[in-house]
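This report concerns only the one structure given below.
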Amino acid sequence: MYCYGVNRLIQHFGKALAESIRDLLPIVVVIGCFQLLVFRQPIPDLGRLLLGTVEVVVGLTLFVQGLKMGLFPIGESMAHDFASKGSILWLTLFAFALGFGTTVAEPALIAIADEAARVAAIGGMISADETAIRHYANGLRLTVAVSVGLAIVIGVIRIIKGWPIQYLIMGGYAGVVIMTAFAPAEIIGIAYDSGGVTTSTITVPLVTALGVGLASSIRGRNPMTDGFGLIAFASLTPMIFVMGYGMLL
């Protein structure tokens, strides 16, 4: 019985590994073809590059399996639990905490906030000392995290009430356009990038699972038409909030 379970696990991991290789193979082929056929140069440090590629394949495989086995089920089960209790207050508090917590921990946001702080110091927008740079980066991260938390709350209320998503999205982007006209030029690009980096490896799986689980738990809601759309809010509101952050500073 033990050997059978181990064999099943090996087969399952092998299948997932093959899927990751299939997904990454086009990228490797494109890079290799351009390096060898267009630039006509040998691939630098080939051994280290191959080792890094293997690490990426294994890491991607484990990450995807972790999403399927852990994050998606727990997000959906918690949404079911909150919906069954019928407490909108606790549900919205959980939605805000989920959006805030996942965004603060988002590696892509940490990277862009640190880079934006360094560039701001070089450009003279803030003081060049480490304390000012750290405060600017942390302020940017917290601003984005709060905006995503509020975005998830709006998305959850939309699912509960059954509001059409297209009108909320159009209104949100109208706000982005208006804010762009008044925000400092130095912050606009950072604001637009902030909207993209928030929807990455940590935020997307949990928020998607929350939306689908909630829509599945409410009578009259369709998980396909009502369960998705939270990510759109999560990428929209940071643009508005970060431009406001820049205007205040």
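The values are calculated or read from the model by the stated rules, or taken from the named source; none is laboratory data. Predicted model only: the values in this text are computed from it and were never measured. Using ideal geometry, Cβ is built from the backbone for each residue, glycine included, and neighbour counts are taken over all protein chains shown. What goes into the accessible areas is simple: the full protein's heavy atoms, side chains included, and nothing from ligands, DNA or RNA. Shrake-Rupley method; radii C 1.70, N 1.55, O 1.52, S 1.80 Å.
Observations on the structure shown:
- Relative contact order, whole percent, for the chain stands at 24, derived from Cα pairs under 8 Å and 6 or more residues apart.
- Theoretical FRET efficiency, 1/(1+(r/R0)^6), r = Cβ-Cβ of LEU49 and ALA105, R0 25 Å, to 0.05: 0.30
- Taking 37 °C and 0.692 mPa s as conditions, the chain diffuses translationally at an estimated 159 µm²/s according to Stokes-Einstein applied to its Kirkwood radius (Cα pairs).
- Solvent-accessible ranking of TYR192, TYR167, TYR245, largest area first, probe 1.4 Å: TYR167, TYR192, TYR245
- Residue ranking by accessible heavy-atom surface, 1.4 Å probe, largest first, among ARG118, ARG221 comes out as ARG118, ARG221.
- Residue among ALA232, GLY162, GLY195 farthest towards the positive dipole end of the chain, charges placed on Cβ: GLY162
- Rolled with a 1.4 Å probe across the full set of protein chains, the surface gives ASP129 an accessible area near 70 Å².
- Considering helices alone, the calculated mean residue ellipticity of the chain at 222 nm is -27000 deg cm²/dmol, with DSSP H runs of length four and up weighted by -39500 (n - 2.57) and normalised per residue.
- Region 143-167 and region 171-196 have Cα centres spaced 18 Å apart.
- Qualifying aspartates and glutamates (Cα of each under 13 Å from Cα of LYS68; at least 8 residues distant if same chain): GLU76
- Ignoring aspartates and glutamates fewer than eight residues from LYS161 along the same chain, the ones with Cα atoms less than 15 angstrom from its Cα are ASP226.
- In whole percents, the pair-distance distribution calculated for region 165-249 from its alpha-carbon pairs, binned every 5 Å from zero, is 3, 15, 21, 18, 16, 12, 8, 5, 2, 0.
- Mean Cβ count within 10 Å, highest first, over the residues of peptides 38-44, 134-140: 134-140, 38-44
- Computed from label points 7 Å out along Cα-Cβ, the spacing between SER87 and GLU115 is 4.2 nm.
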